[in-house]
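These notes concern the structure reproduced below.
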2 protein chains.
Amino acid sequence: MKIETSPLTRKLSAFVKLSASELGVLERLHERRKSFSAGRDLVHQGQSEQAAYILAAGWVVSYKIQPDGSRQIVDFQIPGDFLGLRSVLLHTSDHGIEPIVEIEAAEVMVSDLLQAFAETPRLATAILWAVSRDEAMVVEHLVGLGRRDADARMAHFLLELGVRLSLVGMGSREGYACPLTQYHLADALGLSAIHVNRVLRKLREDGLVTFRDGVVVFDHYDGLVAVADFDPAYLDHARPLLS
Amino acid sequence: MKIETSPLTRKLSAFVKLSASELGVLERLHERRKSFSAGRDLVHQGQSEQAAYILAAGWVVSYKIQPDGSRQIVDFQIPGDFLGLRSVLLHTSDHGIEPIVEIEAAEVMVSDLLQAFAETPRLATAILWAVSRDEAMVVEHLVGLGRRDADARMAHFLLELGVRLSLVGMGSREGYACPLTQYHLADALGLSAIHVNRVLRKLREDGLVTFRDGVVVFDHYDGLVAVADFDPAYLDHARPLLS
DNA sequence: CGCCATATTGAAATATCTCAAGGGCAGTGG
DNA sequence: CCACTGCCCTTGAGATATTTCAATATGGCG
C-alpha cells in the first residue's frame with residue numbers, strides 16, 4: 001500500500017489515468033534525490049545544464065536580471081513542477097533558477113527522460129501536457145502584467161497559485177502556506193514592494209484574502225475571483241497532445 | 001540558380017548550415033500554399049487545430065482577449081515564423097491568431113513535420129532552435145512589461161522587430177516597413193493608444209527613431225539601444241539542441 | 001459627401017513609484 | 001542577558017508616469 005506518491009505523480013494523475021507500469025517508470029525518474037539550500041542558484045543566467053530536476057519539496061523561483069539590476073520573476077515552481085526542462089531540451093537557459101527555501105529535487109538526465117518517453121508514450125503525453133500548461137501560465141502572466149491593475153494582478157496571482165497547489169495537495173479553497181516575501185511578489189507582479197504591501201492591505205481590509213506570516217487565507221473566494229477576473233480554464237485545459 | 005528562398009530557410013540558414021537535401025525537405029514543407037485575408041482569425045481562442053503554418057508573407061498577431069474585453073498581444077509573427085506550431089504539438093490553443101494584412105502561409109500537417117524530423121535530424125534541431133527563440137522572446141516581452149517604462153518598452157520593441165526582420169531580409173539598421181497601427185503597439189506593450197502616440201512623438205523629437213506612414217526609421221540606432229537597454233543576446237543565442 | 005479607422009493634442013484624474021522613516025523579530029556575538 | 005544587525009513588513013507624503021475623457025485632424029473609400 002504505502003507507496004509515497006510524488007507530487008508530480010499526483011499532478012499528472014489528475015489529468016491522465018496512468019497504469020501501474022507507467023507509475024513505476026515515473027517513480028523511477030525520482031531516484032537521484034538531491035537537496036539544495038535556499039538562495040544559491042541552481043542554474044545561472046546564461047549557463048546551460050545537463051540535467052533537469054523534478055521538484056519534490058520546497059519552492060523555487062525563475063527570474064531574469066535586467067542590465068539595470070532590477071529583477072523580473074518569470075514564474076515560481078512548486079512541488080511536482082519541472083526545473084530547467086526547457087533549458088535542457090533546448091540547450092539554452094536565459095534565466096536564473098533559485099531555491100526560495102531548502103528544496104528537495106530529483107535529478108533527471110536527458111537520456112533517462114527520453115528513454116522513459118520511449119517506454120511509455122502515455123507518460124510522454126502527460127509530461128508534455130505539463131509543459132504546455134507551464135507555457136500557458138507564462139502567457140497568462142504576461143497578460144496580467146500588460147492588462148491588469150495591481151489589485152487584479154495580485155488577486156489573480158494568489159488564486160492561480162492556490163489552484164496549482166491544490167493539485168498537489170498543498171492547498172484548497174481555504175488557503176495555503178506560502179513562503180514568498182512581499183519582495184518576491186513585487187518582482188513577479190512588476191510592482192514596487194511598497195505597493196505590494198498596500199495592495200495586500202486593501203485586499204485584506206476588503207475581506208477578500210489575507211496573506212500574513214507565510215499563510216494565504218481566502219476570506220471570500222468568489223469575491224477575489226471577481227476582482228481578478230479569474231478564469232482557471234488555462235490551468236486545466238483539455239487533455240492534450242499527440243499520443 | 002534561381003531557387004526562390006523562403007524566409008524560413010533564410011532564417012534557419014543564418015544559424016545552421018543546411019545541406020542540399022535538408023534544404024530540399026525544408027522547401028517541400030512549403031508546398032501547400034494558402035492565402036488568408038486580413039482581420040479574419042486563423043485560429044480562434046480556445047479552438048485547437050490540426051495544422052500549423054509557416055508564414056511566407058505578411059504579418060500576423062497572436063493575442064489573448066480578456067474577460068473585460070481588453071486585448072493583450074502576446075507576439076507578432078513575421079515571414080519565416082511558425083504559426084500555431086505549439087498549438088498543434090500540444091493540442092491546445094489559448095489564444096487567437098489573426099492576420100494583420102493579407103498573408104501567404106504554407107500549411108504543414110503534423111505528420112509531414114514529424115516525417116521531416118525523422119529524415120533530417122539537423123533540420124529538427126534548427127526548427128527547435130526557432131521554437132526556443134520564440135519562447136525567449138515571450139519571456140523578454142514579459143520582462144519588458146514588468147520592468148521597463150513606456151519609452152524603453154517601445155524602443156526595445158522596435159529594435160527587436162528590426163533584428164528579427166533583418167534575419168529574413170526585410171530590415172536593417174536603417175529601418176523597415178511595418179504595417180502595425182498604434183493600437184497594435186498599445187495592445188502589445190500594455191499601454192493606451194494615446195500614450196503610444198506620445199511616446200512615439202518623444203522618441204522622434206529626441207532624434208532616435210521615426211515611425212510614420214508604415215515605416216520605421218532608426219535615426220540614431222545606438223541611442224535607441226541605450227534607451228531600451230537592448231541586449232540582443234536572447235535573439236541569437238548559441239547553437240542549441242540535442243541532435 | 002459622409003463615414004470609418006487612424007493619428008494627434010490638451011487637460012484633468014488616477015495609479016503607482018520613490019523617498020523617508022519606523023517597527024518587529026530572529027540570529028549572532030559580546 | 002543584552003545590544004546589534006539584517007531582513008521583512010508597514011505607513012505617510014510628495015513626485016511621476018500613465019490613463020481617461022474630450023476634441024480635432026487626416027486620408028481612404030463607398
- line: Counted residues in segment B:202-222 being exposed (fewer than 12 other Cβ atoms within 10 Å of the Cβ) and either within 10 Å of DNA strand C (Cβ to nearest atom) or among the polar types (S, T, N, Q) (or both) come to 4
query: Within segment B:182-211, can you find the residues that are away from chain A (no Cβ under 14 Å), within 11 Å of DNA strand D (Cβ to nearest atom) and closer than 14 Å to B:ASP149 by Cβ?
result: B:ARG198, B:VAL199, B:LYS202
message: Here are the criteria: (1) within 14 Å of chain B (Cβ to nearest Cβ); (2) open to solvent by 10 Å² or more (accessible area, probe 1.4 Å); (3) of a type in the set (D, E, K, R). Tell me which single one A:ARG133 does not satisfy.
response: (2)
statement: Looking across segment A:164-174 at residues that are touching a residue at least 60 places away in the same chain (Cβ under 8 Å) and not in a helix (DSSP H, G or I), the single one that is most open to solvent (accessible area, probe 1.4 Å) is A:MET170
task: Report whether or not B:VAL60 is touching a residue at least 24 places away in the same chain (Cβ under 8 Å), within 14 Å of another protein chain (Cβ to nearest Cβ) and not polar (S, T, N, Q).
output: no
message: If the requirement is being under 14 Å from the mean Cα position of the chain (by Cα) and away from DNA strand D (no atom under 16 Å from the Cβ), which of these qualifies: A:GLY171, A:GLY223?
response: A:GLY171
- request: Could you please find all residues in segment A:223-238 being open to solvent by 60 Å² or more (accessible area, probe 1.4 Å) and over 15 Å from A:SER166 (Cα atoms)?
  value: A:ALA226, A:ASP229, A:ASP231, A:ALA238
- prompt: Right, A:LEU114: part of a helix (DSSP H, G or I) and open to solvent by less than 10 Å² (accessible area, probe 1.4 Å) or not?
  reply: no
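So that you can scan it fast, the table gives a plain yes or no per residue for (1) away from chain B (no Cβ under 14 Å); (2) β-branched (Val, Ile, Thr); (3) not in a helix (DSSP H, G or I):
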residue: A:ILE127; (1), (2), (3): no, yes, no
residue: A:LEU142; (1), (2), (3): no, no, no
residue: A:ASP151; (1), (2), (3): no, no, no
residue: A:GLY162; (1), (2), (3): yes, no, no
residue: A:TYR176; (1), (2), (3): yes, no, yes
residue: A:LEU180; (1), (2), (3): yes, no, yes
message: Every residue in segment B:4-38 that is closer than 25 Å to B:SER166 by Cβ and β-branched (Val, Ile, Thr), please.
response: B:THR5, B:THR9, B:VAL16
query: How many of the residues making up segment A:189-201 are open to solvent by 30 Å² or more (accessible area, probe 1.4 Å) and more than 8 Å from DNA strand C (Cβ to nearest atom)?
result: 2
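The values are calculated or read from the model by the stated rules, or taken from the named source; none is laboratory data. Predicted, not measured: the structure shown is a model, and the values here were computed from it. In this analysis, Cβ positions are derived from the backbone assuming ideal geometry, glycine residues included, and neighbour counts consider all displayed protein chains. For accessibility, only protein heavy atoms count, side chains too; no ligands or nucleic acids. Shrake-Rupley method; radii C 1.70, N 1.55, O 1.52, S 1.80 Å.
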